[in-house]
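One structure is given below, encoded as C-alpha cells.
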Amino acid sequence: MKPCNFDYFDPKTLEEVVVLMRQYGSDGKILAGGQSLVPLLNFRLAAPAALVDINKVKELDYVREVNGKLAIGALVRQRVLETSEAIRSKCGLLAETAEFIAHPQIRNRGTVVGSICHADPAAELPAIARALDAEMKVVGPDGERIIKAEDFFVTLMTTSMDPSELMVEVRLPTLGPRTGWAFEEFAIRHGDFAIVGVTAAVTLDEQKNCADARLAAIGVSEVPYRDSKVERLIMGQEISESLLDQAAHQMVEGVEPSTDLHASADQRKHLLRVLTKRALKKAAGRALKGFEKGRGKNA
Amino acid sequence: MPDELRTIQVTVNGTKYDRQVRCRKLLSDFIREDLRLVGTHVGCEHGICGACTVLFNGQTIRSCLMFAVQADGAEITTVEGLARGGQLHPLQEAFWENHGVQCGYCTPGFLLTALELLQRNPNPTEEEVRIGIAGNICRCTGYQHIIESVLAAAAKMGAKTV
Amino acid sequence: MSKTWIGKNVKRHEDPRLLTGRGTFVDDITLPNLYHAAILRSPHAHANILAIDASEALKYPGVVEVVTGEDVVQKTRPFSVVVKTPFKYYCAAVKKVRYVGEPVAVVVATDRYVAEDAAALVRVDYEPLPPVVDPEAALEPGAPILHEEVGNNISCHRLLDYGEVDRAFAEADLVLKERFVFPRYSSVPLETYAVIADYDSSSGVLTVWSNFMGPFTLHPVTAMALNIPENKLRFIIAKDIGGSFGIKSSIYPYIALIGLAAMKASRPVKWIEDRQEHLMASSSQTDRVSYREVAMRKDGTLLAIKTKIIDGVGAYLRAPEPATTFRPIGNYVGPYKVKNLRVDAYDMMTNKCPTGPNRGYGCHQIYFEQERMMDMAAEKLGLDPAEIRLRNFIPADAFPYVTPSGGIYDSGDYPKALKLALEMSQYEKLREEQKKARKEGRLFGIGIAVGVDPSVSNMGYITVAMPAEVRSQPEYLPKSGAVEAATVRMDPLGGVTVLMNSTPQGQGHETVVAQIIADELGVSPDDVVVVDDFDTSESPWSVSSGTYSSRFASVGTSAVVIAARKIKEKMFQIAAHTLKVSPQDLELGQGKIFVRQDPKRNISLKRVAGTAHWDLLRLPEGMEPGLEARGVFHFPMADAPDSKDRVNSSNTYGFMAEVAAVEVDRDSGQVKILKYISVHDAGTIINPKIVEGQIYGGALHGVAGALFEELVYDQEGQFLTGSFMDYLVPTAAEAPKLEIGHVCSPSPFTPLGSKGAGESSSETAPVLIANAVADALAPLGVKVTELPLTPKRVWALIHDSSSTEVGR
Ligand SMILES: Cc1cc2nc3c(=O)[nH]c(=O)nc-3n(C[C@H](O)[C@H](O)[C@H](O)COP(=O)(O)OP(=O)(O)OC[C@H]3O[C@@H](n4cnc5c(N)ncnc54)[C@H](O)[C@@H]3O)c2cc1C
Ligand code: FES
Ligand code: FES
C-alpha cells in the first residue's frame, strides 16, 4: 500500500497555491491534513498528478471573529476546536463535536476545512456547516467567491468547488446565549465515522418559544441532510415532548438512507428519529439554560 | 515518471539528519528505512491502528499519513527517544511493571499516545484513558494491562513533578 | 525444588528491548542488495486466466523480475495436505483464480513503491466464472465447481460415530434441533506477514527469514512444494513476532512464493504484506453452518449430541486444515459427561480465501453450538442455565477422564470453577437486577459459558480426516506424539543459557523459562539468558516445534525442566565427588550445593561449573566434561487415532467458566458488556501476569468475534472488508473489563503441573456474549443463532420482532 508517484509542491503563499491549482486543475489535489487524502493515495484509490501541500501557507492558519461570524482558516486543525477559547465560547457546538471526530492523533493533523471539502457523508463537520448555514470562502483562478452551505455539498464526496479552486476559510455564525446546541451520534466504535448523527441548534425568543431551529443529519443521505419542514414545524412553538416527537417523525419523512455493511436503511431511519429528538431536546434544554442565565443577569 | 527527490532536514530524537527523499515516501517508511529507527511500526498504512504514531513538533501524528518531505524542518520524537541515558521513561517503566507489553508491536505507538495524553491530562480516570488510547489497536492485551500501565504512569509522573 | 520464582510476577525479560524500539521484527531486518516484492492479486472470485502479459511491467524502471503462474507450475509442486482429494494448491494461481486476492503475479523491484507501480502494469485477461461463496450452497448439486478434477466441492467428509447415539435419541424426553452459523473472523495480528528470501545458487540453500510460528510440520511441506531438499530450506524466525494468534502458521505458501521469486530473480527479496492483503488473502478461520441435535432427559441430563457441520475452507484445503474441524475431536463433548456423539463433518471448498488456525482453533465453533444449545434446553426444561451445566459436568473425582471420542482429560474441577464464577458475578443479584431492568423495559441479559481448553496438539489427530481403512493400510505412516526440546547450558562462571525453539509471539517465553531455571538451579532469573532464535539449520527442533495450540506452558516448560534437572544431577555428582559424600546427601540453595546435615560443607555452583569446564581431571570417572543438557519432553498419551476414530487430540485440558452481563440498546442495537467474569483452570501458573494477559487478550478476541469482526463477502465473492474501516477491531473504548478468578488442578502429566492458557477465553467468549444477548432479547422471543451480533444484526432481531417499538 504505497502511493503512486506525483509532483509535489509546498508553496508558502496563497498566491502560489492559486497559480499551481490553475496549472493542474483536476489533475491536482490540495493536501491539507492528509487524514483522508493520504489513505486514499495509499490504497491507490486516488492518483493525482500533483499534490499542492498547503501546510506551509501560514496565512491560512487563523481563527477570527469577523462581523459576528467565526472565520476558520484552511490550516486550522481539528484539534484547535477543542483548545481554542474563542471557538469554545463562540461556537461551543464545534468544540463538543470535535470529540466525535476520530482520535487525537488524527485531529492533531486533520483540518476543519479539509473535512468540509472532503464531504464524507458520515463526517461531522459538514453537518454543522450545513445546519448553521456556513459560508465557504473559496479562491480560484477567477478570484474569490462565497459558496453557501446549501449549495456546497453536491453528493457523496463531491462539492460545488471547481477542482482548481481552494477553500481558504469557513465562516460559521457565533452562537448567542439563547441558542442551545447539540450533536448526537451513533458510531460503532469510539471515533468511527457516524452511522447516523444529528446536530441541532435552537434559539429561543423572549417568550421562550423557538425563534430559530436548525437541524442537519449525517449518515442518512449522500450529503448532510436538512429539512426546512422540520425546522418550520418547531419555529414559533413552545418546545414540548410532543413537538419533539413530531419533529423527529417529520425528519425521517424525506430520507431514503441506504443499507450497507454496518447498518440497514431501517435502522438508520430509526436512529435518525431517535437522535433528532435527543439532539433537539438537548439543544432546547441548553437554550433554556442560557435564557435563564441571561434573565438572571438582567434582573 | 521518475520520482522527484528533495533534500530535507529533520531532527529526530535530538539528532539532525539531512537526507534526500522521494516526495511520495511515507514518513513512516522514511523513519524506518532511511533513518533505520525501526521502533516505529507499521500496522495498516491507513491511519487506524496507531502503530506508526510519533510526536511531530510535540504532537502525536500518524507517520503513515504524512510524507517525509513534509517533515522538513520538523522535530520528531520516536520511541527510541523516550529513554534517556539508559534510563527508561516512567511510562516505559510503568508498562514494564504492569505487563503492558506482549508482542510489543503496538507498544511504541501506545507509549507516544499515552505520553501526549498524560501531558494534556496528568491525572486521567480509567474511562479517560480508554478514550484517550482508542486510536491505537492492540491485538494481544485486551488493553487491560495497558490501561493499568497508563494509570500507573500517571501516578509515577505526578509523583515526580511534585 | 523450591518455588521461589514459579508463581511470581517476574517482570518480563523481553520488555526493555520492546519498550525502547530495539526489538527485531522481520521488517527490521535488511540484507545487502535487497529487492522488494509486490503481489498482483485476483479481482475475481472465480475466473479462468486466459493470458498474462508482464512485458510492460518488466520494462518499468527498477523492475527486475516478474513471476507468474507459468513459473509456478514449472518450478513448484502443489502443497501436500492430509487428505487425498485431487485438487492442486500452488503458491500462486495457475490458469484459474479461485478467490479474490489470490496471487496471480509477483513483481520484484528496487523498492516496494516501484514494485506496486509495475504490478499495476501486468495485464491479465480473465474469463469470469460463476462463484460459490456459501459452504452450504457449495454442497448443492449443480453448484459451480472450483476444482474440476475433484468433481464436487467436498475436500473432506467424515462421519464419526461414538457411543449409541440413535438409542439415546430414541430414549430422550426432549430433542432439540437448531441451525447455527459461525462467521469468518480472523487473528489479525498487528504485524502482518513478512518474508525475506535469499537463494544461494552455489549451495542450493534457500534461506528465508519470516514470522512463521510453526508448526514445523509445514517446513517439509514447503520444501516439497519448492522442490528443495528439506535440509536446504533454511527457516530463520525473527526474534520478535508481532502477534499471531494462529494465522502465522498459514504464511508458508507466501514463503514458497517469495522463495520462488528470489530464486528466479537471483537476489534477496523482501515482501511485507500490507493490511489490505492481510485481510483479504492471508487466512482466516472457516465459516461454518451447523445443524445440532441434542437428546435430553427431563432432568436436564444430556444424553447424546448429533451435529452436522459444514465448514467453508475456502478455495483450497490448506494444511493444517481441515484441523478447524478435527482439532477439538477429543474434547468435542466439552466438560459434559455425555457418552454419545455423532459428528458428520464436511469441509467445503468455496470461492474465498483458504482457511487456517485462528486462536481457539475449532473450539469456539463447537462451544458456540454447544453452549447456545444448553441454554435453549435449559429454557425448555425450566432450568437455570447454571444448573443445567452443573448437572452435566464430569465430576471432579473422575479424572483422568476419557471422553467418548478418545480425549484423555488430565485434571479438573468443573463444578468448583463454575461456582466460583457464579459467586464472583454475584449471580443471584444479577438476576434480581435483570428483573428490575426488564420491568423498566430495558434489555438486560446474563450469559454463562463453559469450555474445556485443549492444549498441545497430538500430531496424529489430523489423520482422523482420513477414514480408518486408509489409516490401516501398511504403507500409511501413522502420526502420533507431541514433543518439545530445550537445551540448558551453564558456562564456566556459573551463568545459565537456555536455547529454545518456540517462536513466541508475545507470550513471554524468555521470562517464563528464566523463572523455571531459577527455581530448578537455584539462581536468579536475571542471571538466566534465554535464546529463542529459531533457525532450522542451527536450532534443536522437531516437526512439532512452534508456538501453537497453547503448547508452550505444558510441553515447552517441561522440556526446560527436564534439561535443567539433567544439569542439576550432573552438578550434584560433581559436588558429591568433590565433597566426598553421596549425591543424596546434598541440597541446592543460595548459589551453593551443600551437605544437608552439615551445611558448612558446601561448594558454590560457580566452582562446580568451573570444575566441569576447566578442571576435567577432578570430575567423577567417566563423566562427560562440560555442563550442557538437552531436555526432550513428549507426551506418551498422544497416540494415533484408533480404528474407531478415537484420539486424544491434545495433551492437557484446562477449563474456563465465564459469566457476563450485557445491556442491549434498543435504538442502535448495540451491545454493552457490563460485567465479564472469567474463571480459569490452567493448572500450575508460572507467571500470573502473563497468564492474565493471555486471558484478557483471548477474551477480547472472542468478544470481537461476537460483536464486531467479520470477513464479509458478497454473493459474487467480492471481498468487502479489506480495511480497518470495515473490519472493526475493538479498541480500548469498547473492550470489556474482565475480572479473573483461578482454580488450580495441576496436570498430572507435566512435571510442573502446568497447562496451556493461550487460547482459553477466545473459545468461550463468543458464545458467552451470544448467550447474554439471547437472554437480554428473550422477552422479545427471538433466537440468537448467528454471529457477529453487530448493531445491525441485533437491531434487526429487535425490530423485526417488535416493529411497533418507537424510540425514546
Ligand atoms: C482513522 C481515521 C478516522 C477518522 N474518523 C473521522 C470521523 O469520525 N469523522 C470525521 O469527520 N472524519 C474522520 N476522519 C477524517 C478526518 O477528519 C480528516 O482529517 C478530514 O476528513 C480531512 O481533513 P484533512 O485536513 O485531513 O484533509 P486532506 O486529507 O488533506 O484532504 C481531504 C480532501 O479535501 C481536499 N481539501 C483539503 N483541504 C482543502 C482546501 N482547503 N481546499 C480545497 N480542497 C481541500 C483534498 O484535496 C482532499 O480531496 C478520520 C480519519 C482517519 C484517518
Ligand atoms: S500504520 Fe499508521 S495508523 Fe496504522
Ligand atoms: S502487544 Fe501485541 S499488539 Fe499490542
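The values are calculated or read from the model by the stated rules, or taken from the named source; none is laboratory data. Everything quoted here is computed from the prediction, not taken from an experiment. Here the Cβ is made from the backbone with ideal geometry for all residues, glycine too, and neighbour counts use every protein chain on show. Ligands, DNA and RNA are excluded from the accessible area calculation, which covers all protein heavy atoms including side chains. Shrake-Rupley method; radii C 1.70, N 1.55, O 1.52, S 1.80 Å.
Quick one: grab the alpha carbon gyration tensor of chain A, order the square roots of its eigenvalues as a ≥ b ≥ c, and give me rounded if a/c is under 1.5, else prolate or oblate depending on whether a/b is larger than b/c. In terms of gyration-tensor shape, prolate. When only Cα pairs below 8 angstrom with a gap of at least 6 residues are kept, chain C shows a relative contact order of 16 percent. Look at the Cα gyration tensor of the protein assembly as shown: its axes a ≥ b ≥ c give a/c of at least 1.5 with a/b over b/c, and that counts as prolate. Running a GNM on chain A with Cα contacts under 10 Å, which residue among A:GLN250, A:GLN35, A:GLN105 ends up with the highest mean-square fluctuation? Ranking A:GLN250, A:GLN35, A:GLN105 by mean-square fluctuation puts A:GLN105 first. Note on C:ASP453: accessible area is roughly 0 Å² with a 1.4 Å probe, heavy atoms of protein only. Using a cutoff of 8 angstrom between alpha carbon atoms and counting only pairs six or more residues apart, the relative contact order for the stretch A:7-51 works out to 53 percent. Per residue of the protein assembly as shown, the DSSP helices (runs of n ≥ 4 H) give a summed -39500 (n - 2.57) that works out to -9000 deg cm²/dmol at 222 nm. If you take all other residues with their beta carbon under 14 Å from the beta carbon of C:TYR427, and give Lys and Arg +1 and Asp and Glu -1, the sum is -3.
Amide H to amide H distances under 5 Å link A:ALA211 with A:THR203, A:LEU204, A:ASP205, A:GLY236, where only residues 5 or more positions off or on other chains count and H is placed in the peptide plane. Look at the Cα gyration tensor of chain B: its axes a ≥ b ≥ c give a/c of at least 1.5 with a/b over b/c, and that counts as prolate.
Accessible area per residue was computed with a 1.4 Å probe on protein heavy atoms; C:ARG318 scores about 0 Å².
Using Cα positions and a limit of under 18 Å, work out the aspartates and glutamates in reach of A:LYS137, with same-chain residues fewer than 8 apart set aside. List returned: A:GLU15, A:GLU16, A:GLU59, A:ASP61, A:GLU65, A:GLU150, A:ASP151, A:ASP162, A:GLU165, A:GLU169. Here is the list for the stretch A:189-263: GluC sites (Glu not before Pro) lying in DSSP coil, each with at most 13 other C-beta atoms within 10 angstrom of its C-beta, are A:GLU206. Here the convex hull built on the C-alpha positions of chain C has a volume of 181 cubic angstrom per residue. Over all other residues within a Cβ to Cβ distance under 11 Å of C:THR403, the charged ones net out to +3, with Lys and Arg as +1 and Asp and Glu as -1.
Summing charges over all other residues whose Cβ lies under 15 Å from the Cβ of C:ALA629, with Lys and Arg as +1 and Asp and Glu as -1, gives 0.
The heavy atoms of C:LEU139 offer some 50 square angstrom of accessible surface to a 1.4 angstrom probe. The order of A:LYS208, C:LYS436, C:LYS96 by accessible area, most exposed first and with a 1.4 Å probe, is C:LYS436, A:LYS208, C:LYS96. Ignoring lysines fewer than eight residues from C:LYS689 along the same chain, the ones with Cα atoms less than 19 angstrom from its Cα are C:LYS3, C:LYS8, C:LYS11, C:LYS737, C:LYS755. Annotation note: GluC sites (Glu not before Pro) in the stretch C:471-567 located in DSSP loop regions with a Cβ neighbour count of at most 11 within 10 Å are C:GLU475. For the segment C:24-35, counting C-beta atoms of other chains within 10 Å of every residue's C-beta and taking the mean gives 2.
Put C:PHE635, A:PHE100 in order of accessible area, highest first, and with a 1.4 Å probe you get A:PHE100, C:PHE635.
Straight-distance candidates among the lysines for linking to C:LYS177, with alpha-carbon spacing under 23 Å and chain neighbours fewer than 8 residues away dropped: C:LYS298, C:LYS306, C:LYS308, C:LYS337, C:LYS339, C:LYS380, C:LYS783.
Once you've got the GNM for chain A with C-alpha springs shorter than 10 Å, pick whichever of A:GLY33, A:GLY143, A:GLY110 has the biggest mean-square fluctuation. Answer for the Gaussian network model of chain A: A:GLY143. With all protein chains in place and ligands, DNA and RNA left out, the 1.4 Å accessible area ranks C:MET224, C:MET373, A:MET161 as C:MET224, A:MET161, C:MET373, largest first. Looking at the stretch C:574-640, the trypsin sites (Lys or Arg not before Pro) that sit in a DSSP loop and have at most 16 other Cβ atoms within 10 Å of their own Cβ are C:LYS580, C:ARG596.
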